[in-house]
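First up is the structure itself, then whatever we jot down about it.
None of the figures in this text is laboratory data; all of them are computed from the coordinates on show. The structure displayed is predicted, hence computed values, not measured ones. Glycine gets a Cβ as well: all are built from the backbone with ideal geometry, and neighbour counts include every protein chain shown.
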Amino acid sequence: MDKGRRRSEALIATLGVEPQVVTITLDCLLAGGRNIGEAVVIYTESPGVYEALKVIEDEFARPAYPGMVLRSVPVTSREGAVRDFRTDEDLRGLLRTLYAEVRRARQAGNIVHLCVSGGRKVMGIVGMVVAQLLFGPEDHVWHLITEGWRPGAGRHLHLPEEEKVWLVPVPVLRWSEAGTLMQAVAEMNDPAEVVAWYEKLSRAGEVKRQREFIERWLTRAEREVVRLACRGLDNAAIAAALCKQEQTVANQLRGVYEKLREWLGYPAGNVDRSVLIARFAPYFTLVEEQ
């Protein structure tokens with residue numbers, strides 16, 4: 001990735017007869033600072049769904065999402081376009097379509113956001129299967145909840161600020177850790193234990209990434225400054241502890257922030273002391289405990 005360039009992201013959404021599921025999900029992701037460059041809508045060829053798709057296409061024709069690409073992808077089986085999911089071949093077509101789109105987005109280097117709230121329930125189920133097969137640690141499955149809305153209620157493609165909406169992350173147990181996962185699942189009676197165990201496994205992967213940043217991205221002098229900053233010391237206290245000038249500490253931290261910004265993929269907003277402490281104070285606490 002070029003210096004200064006944020007990693008691109010893609011929304012892949014299953015569609016039913018309610019187009020606002022796609023637009024509200026997209027609005028939530030953008031409001032959260034996500035760098036969405038492409039929206040992919042997976043749809044069936046039934047009349048109601050096709051009407052909803054046209055609403056979304058019309059919205060993209062307006063300046064609502066400048067610079068963003070919309071791709072409309074029909075679910076197809078070996079027998080042609082799928083209107084609904086009534087046969088094994090219909091479901092195999094759904095699996096192939098979702099698999100191909102998630103795989104294409106990941107191969108393009110995108111972080112993938114998969115919204116499974118639209119369309120038939122089976123689309124969400126199959127979407128989770130694909131996520132288990134293909135997702136990496138930065139990809140997400142989302143479930144959209146809007147307060148008070150019911151099927152058939154008035155349609156709002158973009159919610160006013162006073163309306164409550166939640167974009168809830170759905171845990172994904174990726175099969176890239178299949179061997180370890182299956183052994184753990186066989187020994188656990190409660191699925192909540194499986195999810196907790198998997199989250200612990202994911203945290204271990206994050207600790208490994210943090211260690212790589214500290215040990216490979218930073219100089220020895222920068223590591224000492226970061227360690228003390230994560231203990232809560234200000235620049236003056238760090239300078240006194242390390243027998244340095246306070247300006248030297250400030251300069252070293254500026255260099256660390258720039259490296260951290262690159263390591264994080266150039267996120268929106270400032271990368272400063274608060275971000276550094278939030279990311280690495282738990283890491284140094286763990287290291288010192290060990």
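Highest average first, the peptides 125-133, 61-69, 28-36 ordered by how many other beta carbon atoms sit within 10 Å of their residues are 125-133, 28-36, 61-69.
Ordering 129, 76, 146 by Cα displacement along the dipole of the stretch 64-149 toward the positive end leaves 76 in first place; charges were set at the Cβ atoms of Lys, Arg (+1) and Asp, Glu (-1). When each of the peptides 39-47, 274-282, 19-27 is scored by how many other beta carbons lie within 10 Å of its residues on average, the order from highest to lowest is 19-27, 39-47, 274-282. The label point for residue 208 and the one for residue 145, both projected 7 Å from the Cα toward the Cβ, are 3.3 nm apart.
Which entries of 164/208; 121/164; 164/259 show an alpha-carbon separation above 30 angstrom in the structure shown? Display every interim value, and only then the final one.
Numbers: 164/208 37 Å; 121/164 23 Å; 164/259 37 Å.
Beyond 30 Å: 164/208; 164/259.
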